[in-house]
Amino acid sequence: QEELVESGGGLVEAGGTLRLTCQASGIFFGANAMAWFRQAPGKQRELVAGITTGGDVVYTDSVKGRFSISRDNTDNTKNTVHLQMNSTKPEDTAVYYCAVGRSMDTIHSFADWGQGTQVIVSS
């Protein structure tokens with residue numbers, strides 16, 4: 001059974017670092033991308049960073065140069081994706097979700113989601 005479990009969220013002062021981890025277990029048929037999304041109160045869920053099976057990465061403009069996504073493929077049934085968050089800002093405060101999808105085209109390409117982990121950046 002497929003499962004996505006996020007960890008690593010918490011409270012950090014502005015300028016600090018956090019490292020989020022998503023452990024994906026099971027076989028995600030047709031999956032070609034893993035990504036981190038975030039949703040702040042009153043805002044739409046947005047893509048933060050994504051990585052394809054081919055190693056292509058994308059970042060939303062607001063995190064470029066500060067966040068880094070990486071992926072560990074231990075075998076076909078277990079994948080881990082990390083989001084290294086450096087130079088954090090209060091506007092990074094949100095619930096961060098891990099997702100697995102067919103492509104990076106749209107949010108609708110992602111069918112499997114984790115429960116989310118809260119990140120709070122204090123000013």
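What follows is calculated from the coordinates using simple rules that are stated; it is not laboratory data. Note that the structure is a prediction, hence the values are computed from the model and not measured. Note that we place each Cβ from the backbone using ideal geometry, even for glycine, and neighbour counts take in every protein chain shown.
For region 1-42, a Kirkwood hydrodynamic radius built from all Cα pairs, placed in the Stokes-Einstein relation at 37 °C and 0.692 mPa s, yields a translational diffusion coefficient of 256 µm²/s. What is the distance in Å between the Cα centroid of region 50-123 and that of region 1-17? Distance between centres, Cα-based: 10 Å.
The simple spin-label model puts a point 7 Å past each Cα toward its Cβ; for Asp112 and Thr21 those points are separated by 1.9 nm. If the segment from Asn86 to Ser123 were pulled out straight at 0.36 nm per residue, it would be longer than the present Cα-Cα gap by 11.9 nm. So the label point goes 7 Å from the Cα of Ser7 along Cα→C-beta, right? Which residues of region 90-123 then have their backbone N under 20 Å from it? The answer is 95-100, 113-120. If you place +1 on the Cβ of every Lys and Arg, -1 on the Cβ of every Asp and Glu, and leave all else neutral, what size is the dipole of the chain about its Cα centre, to the nearest 20 Debye? With Lys and Arg at +1 and Asp and Glu at -1, about 200 debye.
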